[in-house]
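First up is the structure itself, then whatever we jot down about it.
The values are calculated or read from the model by the stated rules, or taken from the named source; none is laboratory data. Bear in mind that the values here come from a model prediction, so they are computed numbers and not experimental data. Cβ placement follows ideal geometry from the backbone for every residue including glycine, while neighbour counts extend to all protein chains displayed.
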Amino acid sequence: MKKLLLISLLLVVLAAFFASTHPDGLDKTAEKLGFAGKGTERHSLFTGYAVPFLPEGVISTALAGTAGVMIVAGLFFLSAKYLRG
């Protein structure tokens with residue numbers, strides 16, 4: 001299980017170098033159909049796939065991705081432990 005977590009973290013860090021600065025599919029579709037500015041803006045801890053206290057870039061994206069992997073893995077292991085009894 002530790003190998004899977006380490007591989008996931010490695011993939012996140014490597015993927016940060018290839019992250020596009022262009023809008024994602026949902027943003028591009030909203031712009032194309034003309035409803036991009038009509039929604040309510042929600043803020044989250046990692047808005048824009050970046051860590052709030054770091055300038056946007058590869059390091060910020062990699063840290064946000066790493067935190068995301070750790071949060072999802074933690075929730076998975078906690079729920080598995082709880083459901084196992």
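Within region 17-57, take every residue that is assigned to a helix (DSSP H, G or I) and either touching a strand residue (DSSP E or B) at 6+ places or on another chain (Cβ under 9 Å) or of a type in the set (Ser, Thr, Tyr) (or both) and give me the one that is nearest to Gly68 (Cα to Cα). Looking at the filtered set, the residue picked out is Tyr49. Taking the listed residues Ala62, Ala67, Ala30, the one that is more than 23 Å from Met1 (Cβ to Cβ), out of contact with any Cys (no Cβ under 6 Å at 6 or more places or on another chain) and free of Cβ contacts under 8 Å to residues at least 60 places away in the same chain is Ala30, with no other qualifying. Among the conditions (1) at pLDDT 85 or above; (2) under 27 Å from Ala73 (Cα atoms); (3) surrounded by 11 or more Cβ atoms within 10 Å (Cβ to Cβ), Phe53 misses just one, which is (3). Do you know which residues across region 56-75 are loosely packed, with under 12 Cβ neighbours inside 10 Å, farther than 22 Å from Gly25 by Cβ and hydrophobic (A, V, I, L, M, F, W, C)? Listed by number, the list holds a single entry, Leu75.
Just name the residue that is surrounded by the most Cβ atoms within 10 Å (Cβ to Cβ) out of those in region 14-24 that are closer than 28 Å to Gly74 by Cα and without any contact (Cβ under 8 Å) to a residue 24 or more places away in the chain. By that ranking, first place goes to Leu14.
Out of Leu11, Leu5, which single residue is touching a residue at least 40 places away in the same chain (Cβ under 8 Å), of a type outside the set (S, T, N, Q) and either under 24 Å from Phe76 (Cβ atoms) or not in a loop (DSSP other than H, G, I, E, B) (or both)?
Numbers: Leu11 fails: touching a residue at least 40 places away in the same chain (Cβ under 8 Å).
Only one candidate passes the filter, namely Leu5.
When only residues in region 33-49 that are aliphatic (A, V, I, L, M) and modelled with pLDDT under 85 count, which is surrounded by the fewest Cβ atoms within 10 Å (Cβ to Cβ)? Step through it out loud before you land on a result.
Initially, region 33-49 is screened for residues aliphatic (A, V, I, L, M), giving 33, 36, 45.
Filter once more, keeping what is modelled with pLDDT under 85: 36, 45.
Working: Ala36: 14, Leu45: 10.
Per the stated criteria, the residue is Leu45.
For (1) more than 15 Å from the chain's Cα centre (by Cα); (2) at pLDDT below 80, each residue gets a yes or a no:
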residue	(1), (2)
His22	yes, yes
Glu31	yes, no
Gly65	no, no
Gly68	no, no
Lys81	yes, no
